Amino acid sequence: MGWHAVDWRIRGTALACLLLMAGVATGCTPESRADSDSPSVTARPSASAAQPSREAAGAQAAAKAAYRKWGIKPLAAPPSPPTTKPTSRKAAGGGVPVISEIPTEEKIVFLTFDDGAEKDPEFVTMMRELRIPFTMFLTDSAIRTDYGYFKQFQGLGDGVQNHTLTHPNLPTLSADAQRQEICGQQEKLKDLYGTAPRLFRPPYGNWNENTRAAAATCGIEAIVLWRESMQIKNMQYQRGDQKLHPGDIILAHFRGPSELKGTTITEMTANLLRHIQEQGFTVARLEDYL
(Lines give C-alpha, C1' and ligand atoms only; values in the text may rest on other atoms or scores of the structure.)
Protein backbone atom coordinates (compact mmCIF):
# COMPACT_ATOMS: atom_id res chain seq x y z
CA MET A 1 0.00 0.00 0.00
CA GLY A 2 1.38 3.47 -0.93
CA TRP A 3 1.88 6.38 1.51
CA HIS A 4 -0.78 8.41 -0.31
CA ALA A 5 -3.44 5.81 0.42
CA VAL A 6 -2.46 5.64 4.08
CA ASP A 7 -2.51 9.43 4.27
CA TRP A 8 -6.08 9.58 2.87
CA ARG A 9 -7.25 6.90 5.30
CA ILE A 10 -5.82 8.87 8.23
CA ARG A 11 -7.48 12.04 7.00
CA GLY A 12 -10.83 10.23 6.56
CA THR A 13 -10.69 8.82 10.06
CA ALA A 14 -9.90 12.25 11.53
CA LEU A 15 -12.80 13.82 9.60
CA ALA A 16 -15.22 11.14 10.87
CA CYS A 17 -14.09 11.79 14.45
CA LEU A 18 -14.62 15.52 14.05
CA LEU A 19 -18.15 14.99 12.70
CA LEU A 20 -18.97 12.61 15.57
CA MET A 21 -17.71 15.10 18.16
CA ALA A 22 -19.78 17.87 16.58
CA GLY A 23 -22.89 15.69 16.77
CA VAL A 24 -22.35 14.97 20.44
CA ALA A 25 -21.65 18.59 21.30
CA THR A 26 -24.83 19.82 19.62
CA GLY A 27 -27.06 17.07 20.99
CA CYS A 28 -27.78 15.75 17.51
CA THR A 29 -26.83 12.11 18.03
CA PRO A 30 -29.73 9.70 17.40
CA GLU A 31 -30.05 8.90 21.14
CA SER A 32 -30.62 12.55 22.07
CA ARG A 33 -33.45 13.35 19.66
CA ALA A 34 -36.77 14.29 21.17
CA ASP A 35 -38.58 11.88 18.87
CA SER A 36 -36.28 8.99 19.57
CA ASP A 37 -37.84 5.54 19.35
CA SER A 38 -35.68 4.19 22.18
CA PRO A 39 -37.67 3.14 25.27
CA SER A 40 -37.85 5.63 28.16
CA VAL A 41 -36.54 4.68 31.61
CA THR A 42 -38.59 5.51 34.71
CA ALA A 43 -36.34 7.04 37.35
CA ARG A 44 -36.37 5.42 40.77
CA PRO A 45 -37.31 7.64 43.70
CA SER A 46 -34.22 9.14 45.22
CA ALA A 47 -33.22 8.24 48.75
CA SER A 48 -34.05 11.79 49.86
CA ALA A 49 -37.56 11.61 48.33
CA ALA A 50 -38.31 8.33 50.08
CA GLN A 51 -36.92 9.58 53.41
CA PRO A 52 -40.00 11.57 54.60
CA SER A 53 -42.35 8.60 54.14
CA ARG A 54 -39.95 6.33 56.03
CA GLU A 55 -39.66 8.91 58.81
CA ALA A 56 -43.44 9.28 59.01
CA ALA A 57 -43.89 5.52 59.20
CA GLY A 58 -41.25 5.32 61.91
CA ALA A 59 -42.90 8.08 63.93
CA GLN A 60 -46.28 6.35 63.60
CA ALA A 61 -44.85 3.06 64.80
CA ALA A 62 -43.14 4.76 67.74
CA ALA A 63 -46.39 6.50 68.73
CA LYS A 64 -48.33 3.22 68.66
CA ALA A 65 -45.66 1.54 70.77
CA ALA A 66 -45.78 4.40 73.29
CA TYR A 67 -49.55 4.15 73.66
CA ARG A 68 -49.26 0.38 74.15
CA LYS A 69 -46.60 0.91 76.80
CA TRP A 70 -48.82 3.26 78.81
CA GLY A 71 -51.93 1.13 78.33
CA ILE A 72 -53.89 3.68 76.31
CA LYS A 73 -55.63 3.47 72.96
CA PRO A 74 -54.06 5.95 70.51
CA LEU A 75 -55.57 9.41 70.23
CA ALA A 76 -56.05 10.87 66.77
CA ALA A 77 -53.55 13.45 65.59
CA PRO A 78 -54.83 16.98 66.27
CA PRO A 79 -55.82 19.16 63.30
CA SER A 80 -53.46 21.79 62.02
CA PRO A 81 -53.64 24.98 64.11
CA PRO A 82 -55.91 27.68 62.67
CA THR A 83 -54.28 30.50 60.75
CA THR A 84 -56.38 32.95 62.77
CA LYS A 85 -56.86 32.22 66.45
CA PRO A 86 -60.57 31.89 67.23
CA THR A 87 -60.47 33.52 70.67
CA SER A 88 -60.21 37.27 70.99
CA ARG A 89 -57.69 38.57 73.47
CA LYS A 90 -59.94 41.45 74.45
CA ALA A 91 -63.12 41.23 76.49
CA ALA A 92 -66.24 43.12 75.41
CA GLY A 93 -65.43 45.98 77.75
CA GLY A 94 -61.80 46.12 76.67
CA GLY A 95 -60.40 44.27 79.70
CA VAL A 96 -58.64 40.93 79.97
CA PRO A 97 -61.03 38.15 78.82
CA VAL A 98 -61.92 35.26 81.13
CA ILE A 99 -62.36 31.99 79.22
CA SER A 100 -63.25 28.37 79.99
CA GLU A 101 -63.32 26.97 76.46
CA ILE A 102 -62.17 27.74 72.94
CA PRO A 103 -64.80 28.29 70.22
CA THR A 104 -64.29 25.47 67.71
CA GLU A 105 -66.24 22.70 66.01
CA GLU A 106 -63.25 20.36 66.02
CA LYS A 107 -63.35 17.47 68.49
CA ILE A 108 -60.37 18.76 70.43
CA VAL A 109 -59.77 19.59 74.08
CA PHE A 110 -56.91 21.34 75.85
CA LEU A 111 -54.97 19.98 78.84
CA THR A 112 -53.64 22.21 81.61
CA PHE A 113 -51.64 21.22 84.69
CA ASP A 114 -51.46 23.52 87.72
CA ASP A 115 -49.16 24.31 90.65
CA GLY A 116 -46.02 22.15 90.22
CA ALA A 117 -45.62 20.32 93.54
CA GLU A 118 -45.10 16.85 92.02
CA LYS A 119 -41.94 16.36 89.95
CA ASP A 120 -42.12 12.74 88.83
CA PRO A 121 -39.47 11.93 86.17
CA GLU A 122 -41.76 9.22 84.79
CA PHE A 123 -44.25 11.90 83.85
CA VAL A 124 -41.61 13.58 81.68
CA THR A 125 -40.95 10.23 79.98
CA MET A 126 -44.67 9.66 79.45
CA MET A 127 -45.36 13.02 77.85
CA ARG A 128 -42.23 12.87 75.73
CA GLU A 129 -43.17 9.46 74.36
CA LEU A 130 -46.87 10.19 73.85
CA ARG A 131 -46.26 13.72 72.50
CA ILE A 132 -49.35 15.05 74.24
CA PRO A 133 -49.32 18.88 74.39
CA PHE A 134 -50.34 20.63 77.58
CA THR A 135 -50.04 24.00 79.29
CA MET A 136 -48.41 24.51 82.70
CA PHE A 137 -49.80 27.11 85.11
CA LEU A 138 -46.98 27.31 87.64
CA THR A 139 -46.82 28.64 91.20
CA ASP A 140 -43.40 29.69 92.46
CA SER A 141 -43.83 28.29 95.96
CA ALA A 142 -44.55 24.86 94.41
CA ILE A 143 -41.82 24.75 91.75
CA ARG A 144 -38.90 26.43 93.50
CA THR A 145 -37.39 23.13 94.72
CA ASP A 146 -36.65 22.15 91.11
CA TYR A 147 -37.14 24.83 88.48
CA GLY A 148 -35.28 22.68 85.94
CA TYR A 149 -37.91 19.95 86.01
CA PHE A 150 -40.38 22.12 84.11
CA LYS A 151 -37.80 23.17 81.53
CA GLN A 152 -37.97 19.59 80.26
CA PHE A 153 -41.62 20.07 79.32
CA GLN A 154 -40.87 23.48 77.86
CA GLY A 155 -38.31 21.75 75.65
CA LEU A 156 -41.11 19.54 74.33
CA GLY A 157 -43.10 22.62 73.30
CA ASP A 158 -45.38 22.86 76.34
CA GLY A 159 -46.34 26.37 77.46
CA VAL A 160 -45.26 27.96 80.75
CA GLN A 161 -47.98 30.22 82.17
CA ASN A 162 -48.71 32.13 85.40
CA HIS A 163 -50.42 30.77 88.55
CA THR A 164 -49.19 33.37 91.12
CA LEU A 165 -46.25 33.39 93.49
CA THR A 166 -47.83 31.73 96.54
CA HIS A 167 -51.28 30.41 95.45
CA PRO A 168 -53.53 32.72 97.53
CA ASN A 169 -57.29 33.19 97.21
CA LEU A 170 -56.94 36.41 95.23
CA PRO A 171 -60.31 38.09 95.97
CA THR A 172 -59.34 38.19 99.66
CA LEU A 173 -56.32 40.37 98.82
CA SER A 174 -56.07 44.06 98.09
CA ALA A 175 -55.55 45.27 94.54
CA ASP A 176 -51.86 45.95 95.25
CA ALA A 177 -51.33 42.52 96.80
CA GLN A 178 -52.96 40.85 93.81
CA ARG A 179 -50.72 42.80 91.45
CA GLN A 180 -47.66 41.69 93.43
CA GLU A 181 -48.70 38.03 93.21
CA ILE A 182 -49.28 38.16 89.46
CA CYS A 183 -46.53 40.55 88.35
CA GLY A 184 -44.01 38.95 90.68
CA GLN A 185 -44.59 35.56 89.09
CA GLN A 186 -44.44 37.09 85.61
CA GLU A 187 -40.93 38.34 86.35
CA LYS A 188 -39.79 35.07 87.89
CA LEU A 189 -41.07 32.92 85.05
CA LYS A 190 -39.56 35.23 82.45
CA ASP A 191 -36.17 35.06 84.18
CA LEU A 192 -36.36 31.28 84.55
CA TYR A 193 -37.88 30.21 81.24
CA GLY A 194 -37.02 33.02 78.85
CA THR A 195 -40.43 34.48 78.02
CA ALA A 196 -43.12 36.27 80.01
CA PRO A 197 -46.40 34.31 80.23
CA ARG A 198 -49.39 35.54 78.22
CA LEU A 199 -51.98 33.53 80.17
CA PHE A 200 -52.97 33.50 83.84
CA ARG A 201 -55.02 31.15 85.99
CA PRO A 202 -56.18 32.41 89.40
CA PRO A 203 -55.83 29.85 92.22
CA TYR A 204 -59.09 27.94 92.86
CA GLY A 205 -60.53 29.72 89.83
CA ASN A 206 -61.44 32.68 92.06
CA TRP A 207 -61.10 36.22 90.73
CA ASN A 208 -62.70 39.66 90.85
CA GLU A 209 -62.35 42.89 88.89
CA ASN A 210 -59.18 43.77 90.80
CA THR A 211 -57.74 40.49 89.49
CA ARG A 212 -58.53 41.45 85.91
CA ALA A 213 -57.06 44.91 86.38
CA ALA A 214 -53.90 43.50 87.96
CA ALA A 215 -53.54 40.91 85.21
CA ALA A 216 -53.76 43.61 82.55
CA THR A 217 -51.13 45.69 84.33
CA CYS A 218 -48.79 42.69 84.42
CA GLY A 219 -49.09 42.01 80.68
CA ILE A 220 -51.55 39.09 80.84
CA GLU A 221 -53.70 38.62 77.72
CA ALA A 222 -56.30 36.16 79.05
CA ILE A 223 -57.47 34.61 82.33
CA VAL A 224 -57.94 30.89 81.75
CA LEU A 225 -60.42 28.82 83.78
CA TRP A 226 -61.73 25.33 82.84
CA ARG A 227 -64.76 23.21 81.98
CA GLU A 228 -63.64 19.88 83.45
CA SER A 229 -61.25 18.92 86.22
CA MET A 230 -59.46 15.58 86.44
CA GLN A 231 -59.50 13.74 89.74
CA ILE A 232 -57.87 10.33 90.24
CA LYS A 233 -59.96 8.15 87.93
CA ASN A 234 -62.84 10.35 86.82
CA MET A 235 -63.48 13.84 85.57
CA GLN A 236 -65.76 16.40 87.17
CA TYR A 237 -67.94 18.14 84.58
CA GLN A 238 -69.47 21.58 84.94
CA ARG A 239 -72.25 20.93 82.42
CA GLY A 240 -75.29 18.82 83.18
CA ASP A 241 -74.74 16.42 80.26
CA GLN A 242 -71.53 15.17 81.92
CA LYS A 243 -69.47 14.99 78.74
CA LEU A 244 -66.76 16.78 76.83
CA HIS A 245 -67.54 19.47 74.27
CA PRO A 246 -65.34 20.76 71.44
CA GLY A 247 -62.81 23.29 72.72
CA ASP A 248 -63.13 22.43 76.42
CA ILE A 249 -60.22 23.29 78.70
CA ILE A 250 -59.43 20.55 81.24
CA LEU A 251 -57.77 21.15 84.60
CA ALA A 252 -55.32 18.70 86.18
CA HIS A 253 -52.55 19.14 88.76
CA PHE A 254 -48.93 18.17 89.29
CA ARG A 255 -49.85 15.84 92.16
CA GLY A 256 -48.31 12.63 93.45
CA PRO A 257 -49.37 9.58 95.47
CA SER A 258 -49.67 11.50 98.75
CA GLU A 259 -52.45 13.63 97.24
CA LEU A 260 -53.85 11.04 94.84
CA LYS A 261 -54.40 8.23 97.38
CA GLY A 262 -51.46 6.21 96.15
CA THR A 263 -51.99 6.92 92.45
CA THR A 264 -49.11 8.41 90.47
CA ILE A 265 -49.44 11.38 88.14
CA THR A 266 -48.76 9.09 85.18
CA GLU A 267 -51.63 6.78 86.19
CA MET A 268 -53.95 9.75 86.65
CA THR A 269 -52.96 11.13 83.25
CA ALA A 270 -53.51 7.75 81.60
CA ASN A 271 -57.04 7.74 83.07
CA LEU A 272 -57.58 11.26 81.76
CA LEU A 273 -56.45 10.33 78.25
CA ARG A 274 -58.74 7.29 78.25
CA HIS A 275 -61.74 9.54 79.00
CA ILE A 276 -60.75 11.79 76.11
CA GLN A 277 -60.22 8.91 73.68
CA GLU A 278 -63.44 7.12 74.65
CA GLN A 279 -65.45 10.24 73.86
CA GLY A 280 -63.84 10.58 70.44
CA PHE A 281 -61.70 13.63 71.20
CA THR A 282 -58.03 14.40 70.86
CA VAL A 283 -55.70 16.97 72.46
CA ALA A 284 -54.48 20.22 70.89
CA ARG A 285 -52.11 22.91 72.14
CA LEU A 286 -53.91 25.77 73.92
CA GLU A 287 -51.43 28.45 72.86
CA ASP A 288 -52.16 27.68 69.19
CA TYR A 289 -55.79 28.78 69.72
CA LEU A 290 -55.46 31.53 72.32
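Structure notes:
- Remark: accessible surface ordering of Thr135, Thr125 (largest first) is Thr125, Thr135, probe radius 1.4 Å.
- On full extension, the segment bounded by Arg144 and Gln231 gains 28.9 nm, given 0.36 nm per residue less the C-alpha separation.
- Solvent-accessible ranking of Arg131, Arg54, Arg179, largest area first, probe 1.4 Å: Arg131, Arg54, Arg179
- Annotation: Ile72 carries an accessible surface of approximately 10 Å², with a 1.4 Å probe and no ligand, DNA or RNA atoms counted.
- Applying 1/(1 + (r/R0)^6) with R0 = 41 Å to the Cβ-Cβ distance of Ala196 and Asp241 gives a FRET efficiency near 0.60.
- Cα gyration tensor shape for the range 151-280, rounded if a/c is under 1.5, else prolate or oblate: prolate
- In straight-distance terms, cross-link reach from Lys233 covers every one of the lysines whose alpha-carbon lies under 17 Å from its own, apart from those fewer than eight places away in the same chain; here that gives Lys73, Lys243, Lys261.
- Between Arg68 and Ser53, the contour length at 0.36 nm per residue exceeds the alpha carbon distance by 3.1 nm.
- The distance between label points at Lys151 and Ser174 comes to 3.7 nm (points 7 Å beyond Cα on the Cα→Cβ vector).
- Sparse-neighbourhood loop sites, trypsin sites (Lys or Arg not before Pro) in the range 195-273 - DSSP loop, at most 12 other Cβ within 10 angstrom: Arg239, Lys261
The values are calculated or read from the model by the stated rules, or taken from the named source; none is laboratory data. Just so it is clear, the structure is predicted and the values come from calculations on it, not from any experiment. Cβ sites come from the backbone with ideal geometry, for glycine too, and all protein chains shown count toward neighbours. Keep in mind that these areas ignore ligands, DNA and RNA; they rest on the heavy atoms of the full protein, side chains included. Shrake-Rupley method; radii C 1.70, N 1.55, O 1.52, S 1.80 Å.
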